[in-house]
Every structure is written in C-alpha cells, then in structure tokens.
There are 2 protein chains.
Amino acid sequence: MAKKKPSTKWRSGCPLNASVEILGDRWSLLIIRDMVLRGFRSYKEFLESYEGIATNILADRLQKLMAHGIISSQPDPLDGRKLIYSLTAKGIDLAPVLTEMVLWAAAHEETENPGLVRQIKMDKKQFLAAARRRWTESVRNDRRMLEVTKEDERVSRENRAGDIKSLV
Amino acid sequence: MAKKKPSTKWRSGCPLNASVEILGDRWSLLIIRDMVLRGFRSYKEFLESYEGIATNILADRLQKLMAHGIISSQPDPLDGRKLIYSLTAKGIDLAPVLTEMVLWAAAHEETENPGLVRQIKMDKKQFLAAARRRWTESVRNDRRMLEVTKEDERVSRENRAGDIKSLV
DNA sequence: TCATTTTACTTGCAAAATGCAAGTTAAAAA
DNA sequence: TTTTTAACTTGCATTTTGCAAGTAAAATGA
C-alpha cells in the first residue's frame with residue numbers, strides 16, 4: 001500500500017520527533033488540510049489554495065508525502081494530464097492533529113473561518129467521524145471508477161481486436 | 001501577559017495556517033514537548049535533549065516562542081546565570097496537539113517510548129489533566145519563589161541601609 | 001581572592017531549503 | 001491543428017539551518 005519506507009533513521013526515537021521530522025515544515029499540513037477538509041485532489045487545486053505555495057515546493061512536498069505513505073496518486077481515467085492524489089489511512093489519521101491545531105490557533109490568534117471552529121468545538125468526535133466518512137466514500141468511489149475504467153479498456157481492447165480481424 | 005504580538009500578517013486567515021506558521025519547523029514543538037512532558041526549563045536542559053539542537057537555533061526558537069507568547073522567562077533567583085523558561089497558558093494549551101502527534105507517529109512509524117503512548121491511549125483526558133496540573137503547580141511554585149526572593153531582597157536592602165547608617 | 005567552570009548566549013561561515021520566474025512536456029479542447 | 005491546460009522542472013537569488021568557535025557574566029573551588 002505505502003509507496004516506500006523512508007530510511008527510518010530519526011534524530012531520536014520519540015514519536016513526537018518522528019511527527020515533527022515528517023510534518024514539521026510550513027506546507028505539508030496545509031496540503032493535508034486541503035485534502036481532509038476541502039476534498040482537494042489535484043496539483044492545480046493545491047496550487048490555487050489560499051496560501052500560495054510555489055510550484056517546485058508543491059511538487060517536492062507531494063513527493064515527500066507519498067514517500068512517507070501519507071498520500072498516494074493515480075492517473076485520472078477521465079483526463080490523462082491529471083493525477084488524482086488520495087489520502088491513505090495514515091493520511092486521514094492526521095485529522096485529529098489538524099483539528100487540535102485549528103482549535104489552538106483559533107483560541108490564541110486572530111483567525112478566520114469561525115464556522116469551522118464552531119463545528120469542531122460543538123462536537124469534535126462527530127466532526128472527525130464526518131471527515132473519515134467522506135474519506136471512506138472517496139476511497140470506495142475511486143475503486144468503483146477504477147473498475148469502470150478497466151471495463152472500458154477491456155471493451156476497447158476487444159474493439160481493436162475486432163478492427164484488426166476485420167482488416168485481415 | 002503575552003510579551004508582544006507578532007506582526008499578525010498571516011499568509012491566510014485559516015487557523016491551521018497560523019499554527020503552521022508559528023510551529024511549523026523541526027524544533028519548536030520539541031522544545032514545547034520538553035517543557036510539557038519533561039519539565040525542562042533551562043537553555044542547558046533543552047540543549048542536552050535527545051535530538052541535539054544547535055545553540056544558535058535554540059536561542060532563536062526560544063526568542064520566537066517568547067515573541068509568540070508561548071513561553072516566558074525570568075532570571076533564576078538562585079543562580080544569576082540562569083534564565084527559567086515557563087510555559088504560558090497559550091503554551092500549555094499545546095498539549096493536545098502534542099498528544100495527537102505522538103499518537104499518530106506511534107501508530108504509523110517505528111518509535112520508542114511505548115510507556116508514554118500507552119498512558120495517552122489508556123486515558124487521554126486524564127493524561128492531559130495531569131500535564132495541566134503539573135503546569136499549574138509550577139506556576140504557583142514560581143510565584144511563591146518570587147515572593148521569597150523579594151522578601152530576601154527587602155531584608156538585604158535593610159541590612160545595607162543598616163551598614164551605611166553604622167558608617168555615619 | 002583569583003583562576004576555573006558553568007550558563008546562556010553570539011558570530012562566522014558553509015550547506016541546505018525556500019521562493020520566484022521562466023521554461024517544458026504530454027494531453028485535452030477549440 | 002493550433003491553443004490551452006495540467007503537472008511538473010530548471011535556474012538562480014534569498015533565507016534558514018547547522019556546525020564550530022568564540023564571549024560575557026555569574027558561580028565555584030582552592
């Protein structure tokens with residue numbers, strides 16, 4: 001499932017340190033946020049998000065998140081130029097980290113999006129359950145789409161075979 | 001209470017972005033961890049922690065954490081070379097962020113300190129309550145120590161005054 | 001009391017990460 | 001079949017990080 005294990009050689013064995021080494025930069029968690037909370041799935045969407053990430057940094061972060069097994073990618077069957085990025089189970093498990101960081105900043109800094117904050121405060125568990133449900137749905141949906149695509153390919157292969165036969 | 005407001009000019013108003021701009025580096029949260037979980041309070045202790053932070057980076061991070069009102073510092077009344085760093089309320093409020101990051105890494109990476117992880121998993125609320133209790137205690141204790149020191153100074157001032165009088 | 005040690009830094013410099021602008025390539029749309 | 005679009009890559013300047021070596025003030029030891 002995971003793409004590749006990064007050379008698990010942490011500065012220390014402390015679990016917090018592992019988190020910080022993987023996620024401790026100014027962009028990774030924002031990409032995760034866009035996926036968990038806003039359902040973003042493509043390079044273009046991430047690029048056009050609020051904070052304005054640079055193209056090379058985005059490409060680098062997507063690669064690293066994949067290397068850490070937090071996201072995965074597949075070609076879009078409907079548009080060959082696109083890659084569809086998905087959260088893995090490891091990725092959606094970051095939702096509680098996100099929500100706590102949102103609550104902390106909302107409590108101590110001047111921030112926007114009071115609707116989001118209110119929702120989390122009102123019922124954190126339900127908020128997380130909803131996020132996970134959306135994720136489960138999208139995984140199911142991707143699988144379905146993949147099957148349809150495979151079927152399409154099978155049919156088109158048969159058609160080509162038919163064409164060739166008709167040429168003989 | 002807070003030292004100074006940093007020029008609140010975020011890349012975006014999203015609360016998660018604020019958190020990431022303040023805490024999104026490879027060291028800040030480790031310093032907070034050392035304070036919340038291990039009770040560290042001096043430059044030297046932070047310096048000797050597991051991950052081996054460089055002296056200049058540590059000085060820089062301590063300054064930034066102070067500028068953000070996450071920690072504060074006071075001279076050690078028992079040793080004039082030392083500064084005692086303390087978590088502010090804003091600082092101790094980061095405990096839930098820490099615990100979620102610990103749980104995430106423990107679930108998905110090879111890490112050590114299973115005792116800590118077991119404790120958090122067993123009863124997260126109680127774990128956080130204990131961390132906060134330790135913090136409240138240390139705040140109370142600091143205040144007490146400060147008063148004792150002030151009394152000492154008053155006495156020593158009187159003694160000096162007495163000495164001067166005795167010289168006249 | 002006077003040299004030594006300790007604490008909390010600073011400074012200088014090399015290496016790595018970040019950010020911006022300008023390509024590039026393959027696929028889709030007009 | 002020309003033009004757009006999506007997802008990058010490249011080059012280069014700026015910033016951040018990390019290491020090693022100071023420094024100043026206070027405490028400690030002889």
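The values are calculated or read from the model by the stated rules, or taken from the named source; none is laboratory data. Quick caveat, the model's predicted, so the values are computed rather than measured. Note that we place each Cβ from the backbone using ideal geometry, even for glycine, and neighbour counts take in every protein chain shown. For accessibility, only protein heavy atoms count, side chains too; no ligands or nucleic acids. Shrake-Rupley method; radii C 1.70, N 1.55, O 1.52, S 1.80 Å.
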Single residue of B:81, B:38 found to be modelled with pLDDT of 95 or more and more than 14 Å from DNA strand C (Cβ to nearest atom): B:38
Residue ID - farthest from the chain's Cα centre (by Cα), chosen from residues in segment A:87-100 that are touching a residue at least 24 places away in the same chain (Cβ under 8 Å) and not in a helix (DSSP H, G or I): A:94
Residues (under 21 Å from the mean Cα position of the chain (by Cα) and either surrounded by fewer than 18 Cβ atoms within 10 Å (Cβ to Cβ) or facing chain A (nearest Cβ under 7 Å) (or both)) located in segment B:101-123: B:101, B:102
Residue count for segment B:48-58, restricted to those that are surrounded by 14 or more Cβ atoms within 10 Å (Cβ to Cβ) and either more than 21 Å from residue A:22 (Cα to Cα) or of a type in the set (D, E, K, R) (or both): 1
Those residues of segment B:59-86 which are within 13 Å of DNA strand D (Cβ to nearest atom), open to solvent by 30 Å² or more (accessible area, probe 1.4 Å) and part of a loop (DSSP other than H, G, I, E, B), in sequence order: B:77, B:78, B:79, B:80, B:81, B:82
Segment A:36-58 - residue that is within 13 Å of DNA strand D (Cβ to nearest atom) and under 12 Å from the mean Cα position of the chain (by Cα) and, of those, nearest to residue B:13 (Cα to Cα): A:46
Segment B:108-137, residues that are over 26 Å from residue B:85 (Cα atoms) and small (Gly, Ala, Ser): B:115
Residue satisfying condition, being within 14 Å of chain A (Cβ to nearest Cβ) and away from DNA strand C (no atom under 16 Å from the Cβ), within set B:54, B:95: B:95
Residues (crowded, with 22+ Cβ neighbours inside 10 Å, more than 7 Å from chain B (Cβ to nearest Cβ) and touching a residue at least 60 places away in the same chain (Cβ under 8 Å)) located in segment A:24-40: A:32, A:36
